[in-house]
1. Using alpha carbon coordinates only, what is the Rg to Rh ratio of the chain, with Rh defined as the Kirkwood radius?
2. Which of 97, 23, 54 ends up with the largest GNM mean-square fluctuation for the chain, with Cα atoms connected below 10 Å?
3. Of all the accessible heavy-atom surface of the chain, with the other protein chains kept in place and a 1.4 Å probe, what percent is carbon and sulfur?
4. Could you give the C-alpha radius of gyration of the range 58-116 expressed as a fraction of 2.2 N^0.38 Å, taking N as the number of residues it contains?
5. So if I average 1/r over every pair of distinct C-alpha atoms in the range 57-161 and take the inverse, what Kirkwood radius in Å does that give?
6. Report the local net charge at residue 61: Lys and Arg +1, Asp and Glu -1, summed over other residues whose C-beta lies under 12 Å from its C-beta.
7. Using the Cβ atoms and a cut-off under 13 Å, what net charge is assigned to the surroundings of residue 25, where Lys and Arg are +1 and Asp and Glu are -1?
8. Ordering 145, 177 from largest to smallest accessible area (1.4 angstrom probe), what's the sequence?
Amino acid sequence: MLFVICLGAASAGAGWEFQTVDADGDTGQYVSLGVDSVGRPHLTYLASGRFKYATWTGTSWQIEAVDRGPQAGEFASMVLDGEGRPHAAYAHTAPSALRYAFLGNSGWLIETVEPDCHVAGRTSIVLEGDGRPAIAYFDGSAVKVARRATRPGEGEGRWEIQTVANEETVIPGVAMVMVPNDGLIITYRGGQHV
């Protein structure tokens, strides 16, 4: 089961509220959380071999499958754009690939960012100043960054991939943030660099 625990406004003296988001089998691995401009939570997570997305409507949880397949949604990360739309990076294991998903006006757009990629730890996704996604990840032998050449929904899903560090002893998982002028800061834990 996947739960959300919310703390009400401290000024109102509200306590913690527990809610069940999804009770479908083996649910809730690789959860990523975002909050939109009106304060509603959005979640992506792995649930019984499906990559799912849930959002609070104000009265209930709306849940939908994003991608299916053995372990689709492993190592996921998610970010919301200025309109509250989710962008997610995740591993798909059959076939092995790094994937990107975006909820546009006509549904989910799913792209393979790097085919034959064995993602080996948590991904990290950010949106650059013009809305293009950038994804940091570890593929088992190198820390990499993939940047989409155009914004989602514009042009083909062409991705530029750079190796940041050849590091076979990375402790799985990376974190990335944007800095002014579309700069990126990436952290990871490895045998030689931290």
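1. 0.98
2. In the Gaussian network model the winner is 23.
3. Result for the chain: 50 percent of the exposed heavy-atom area is carbon or sulfur.
4. Output field value: 1.18.
5. The Cα-based Kirkwood calculation yields 14.0 Å.
6. For residues surrounding residue 61, the net value is -1.
7. So the surrounding residues net to -1.
8. 177, 145
The values are calculated or read from the model by the stated rules, or taken from the named source; none is laboratory data. Owing to the predicted nature of the structure, the values given are computational and were not obtained by experimental measurement. Don't worry about glycine lacking a Cβ; one is built from the backbone with ideal geometry, like all the others, and counts go over all protein chains shown. Ligands, DNA and RNA are stripped out before the accessible areas are found, and what is left, the full protein with its side chains, is counted by its heavy atoms. Shrake-Rupley method; radii C 1.70, N 1.55, O 1.52, S 1.80 Å.
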